[in-house]
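Undergrad: Quick one: the structure is below, and I'll ask about it shortly.
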Amino acid sequence: MITIEQLKDLQNRADALNRYLDIENKQIELHEVELRTQDPAFWENQKEAEKVMKQLREIRSWVEGYKSVRSSLEDLEVLFDFAKMGEASEDEVDASYSVLLEEFEKIELKNMLRQEADSMDCVLKINSGAGGTESQDWASMLMRMYMRWAEKSGYKMTISNLQEGDEAGIKTVTMQIEGDSAYGYLKSENGVHRLVRVSPYNAQGKRMTSFASVFVTPLVDDSIEVVVNPSLITWDLFRSGGAGGQNVNKVETGVRLRYQYTDPYTGEQEEILIENTETRSQQDNRENALRLLRSQLYDRELQHRMEAQAKLEAGKKKIEWGSQIRSYVFDDRRVKDHRTNYQTSDVNGVMDGDLDGFIKAYLMEFGGAES
């Protein structure tokens, strides 16, 4: 059974949470924001109202999260006393302690997400590297991994664009993941992912190395101001792919947006290309493509801010977004993150979406450098 010292440690952590989350002021702020939403004229300015509702949800999640931890701690204290009197089993106490420990770690980890974009939904794009079928298969495995992570985390996942591989797997996929702090957690996945395995596509059974790149950007909503120049946009239309038969899309509902972007900091010019085939409505696909464009432009501004901050704080470790970040070595039963040195032998678990260990290690090491 847990010791009295372990129980006191949780009590100290709860007191610390109360202080650095500033729960007392958050409760006052929550009450004030709730009063604003009760104003009969609240929804007259829909854009401003949505911004307030987002603020309300965020404050409420902190207050309710803390209350849940405190309530569970009080229950554990009672159960601990019952166990000492023989009225509860040691196993019950230990099980309650384990659940509470996870609650603490979850809210403490979330407290490290303090950047403006961290609370947002995100766009996650996977591109297969050179290597044909092997790399395309690896990209599809990563897609499944993130889909499983989103499902386990209770997040909504939507595929906005998917290009199948030539023989197997995928060439590219763009997914929208919506949920509490989705970007804050998944920004740790930005970079190149390396797979080492005996390839099922190699007749000689050789060990092969494959690469796929993952790009994660915040998914902006109408509460975020992003300037898009309509005169720099051109559109292409195409038929969305289908499963055949009656499911084939016979009209051009797929859209391809081209945006002639000029970097305001460097003057460099490039074409941003976004494809969207999410729905059978051309108008809906256009709107979503514009949303994805705004997300990319917002992310580029964030990157410039991070680079400027890194120059000012040269003593802090710089995060290279485009570098190789993680190796998945199937034969050796090892997945290792090269930025934090966190690793696990549970390869199957990782490929089934168990990424929280990697995410936590990343935020523990780099979270402070971003605040």
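Undergrad: What ranking of V228, V63 emerges when the number of other C-beta atoms within 10 Å of each C-beta is taken as an exposure proxy, fewest first?
TA: Working: V228 12, V63 16.
Least crowded to most crowded, the residues run V228, V63.
Undergrad: Could you work out Rg/(2.2 N^0.38 Å) for the stretch 4-110, with Rg from alpha carbons only? Provide the component values of the computation, followed by the final result.
TA: Details: Rg = 18.3 Å, N = 107, 2.2 N^0.38 = 13.0 Å.
Normalised by 2.2 N^0.38 Å, the Cα Rg of the stretch 4-110 equals 1.41.
Undergrad: Follow-up. How big is the C-alpha Rg of the stretch 25-64 next to the rule-of-thumb value 2.2 N^0.38 Å, as a ratio? Mind dumping the intermediate values first?
TA: Numbers: Rg = 10.1 Å, N = 40, 2.2 N^0.38 = 8.9 Å.
Dividing the Cα Rg of the stretch 25-64 by 2.2 N^0.38 Å gives 1.13.
Undergrad: Most exposed first by the Cβ proxy, i.e. fewest other Cβ within 10 Å, how do K187, K125 rank?
TA: Lowest to highest Cβ neighbour count: K125, K187.
Undergrad: Looking at V52, S89, Y66, which one has the Cα that reaches farthest to the positive end of the dipole of the stretch 4-110 (charges on Cβ: Lys, Arg +1; Asp, Glu -1)?
TA: V52
Undergrad: How large is the helix-only mean residue ellipticity at 222 nm for the chain, computed as the sum of -39500 (n - 2.57) over DSSP H runs with n ≥ 4, divided by its residue count, in deg cm²/dmol to the nearest 500?
TA: Working: 9 runs with 168 residues, N = 371.
My calculation for the chain gives -15500 deg cm²/dmol from helical runs alone.
Undergrad: Considering only Cα-Cα distances, which of the following residue pairs are longer than 30 Å: K8/K336; K156/K360; K110/K156; K8/K54; K51/K187; K54/K171? Show your work: numbers first, answer last.
TA: On the way: K8/K336 34 Å; K156/K360 21 Å; K110/K156 19 Å; K8/K54 36 Å; K51/K187 23 Å; K54/K171 35 Å.
Table pairs above 30 Å Cα-Cα are K8/K336; K8/K54; K54/K171.
Undergrad: Okay, moving on. Whole angstrom only: what separates the Cα centroid of the stretch 322-363 from the Cα centroid of the stretch 1-40?
TA: The stretch 322-363 and the stretch 1-40 have Cα centres separated by 33 Å.
Undergrad: Here is a follow-up. Based on the alpha-carbon gyration tensor of the chain, what equivalent-ellipsoid semi-axes (square roots of 5 times the eigenvalues) come out, in whole Å, largest first? Intermediate results must be reported in sequence, preceding the final value.
TA: Working: eigenvalues 300, 177, 87 Å².
Sorted largest first and rounded, they come to 39, 30, 21 Å.
Undergrad: May I pose another question? Add +1 for every Lys or Arg and -1 for every Asp or Glu among the other residues with Cβ under 10 Å from the Cβ of E108, and state the total.
TA: Working: positive: R13, K106, K110, K360; negative: E103, E105.
Spelling it out: positives minus negatives among the neighbours equals +2.
Undergrad: Moving on to the next point. Between 0 and 90 degrees, rounded to the nearest ten: what's the tilt of helix 23-37 against the longest Cα principal axis of the chain?
TA: 60 degrees
Undergrad: Which of D180, D91 comes first, and how do the rest follow, when ranked by fewest Cβ neighbours within 10 Å? Walk me through the numbers on the way to the answer.
TA: Numbers: D180 17, D91 10.
So the ranking, lowest neighbour count to highest, is D91, D180.
Undergrad: Here is a further query. Using just the alpha carbons, could you tell me how many Å³ per residue the convex hull of the stretch 97-228 encloses? Write out the running numbers ahead of the final one.
TA: Details: hull volume 18.2 nm³, N = 132.
In the stretch 97-228, the Cα hull volume divided by residue count equals 138 Å³.
Every number in this text was worked out from the coordinates using simple rules, so none of it is lab data. All figures in this text were calculated on a predicted structure; none of them were measured in a lab. FYI the Cβ positions are ideal-geometry reconstructions off the backbone, even for glycines, and counts take in every protein chain you see.
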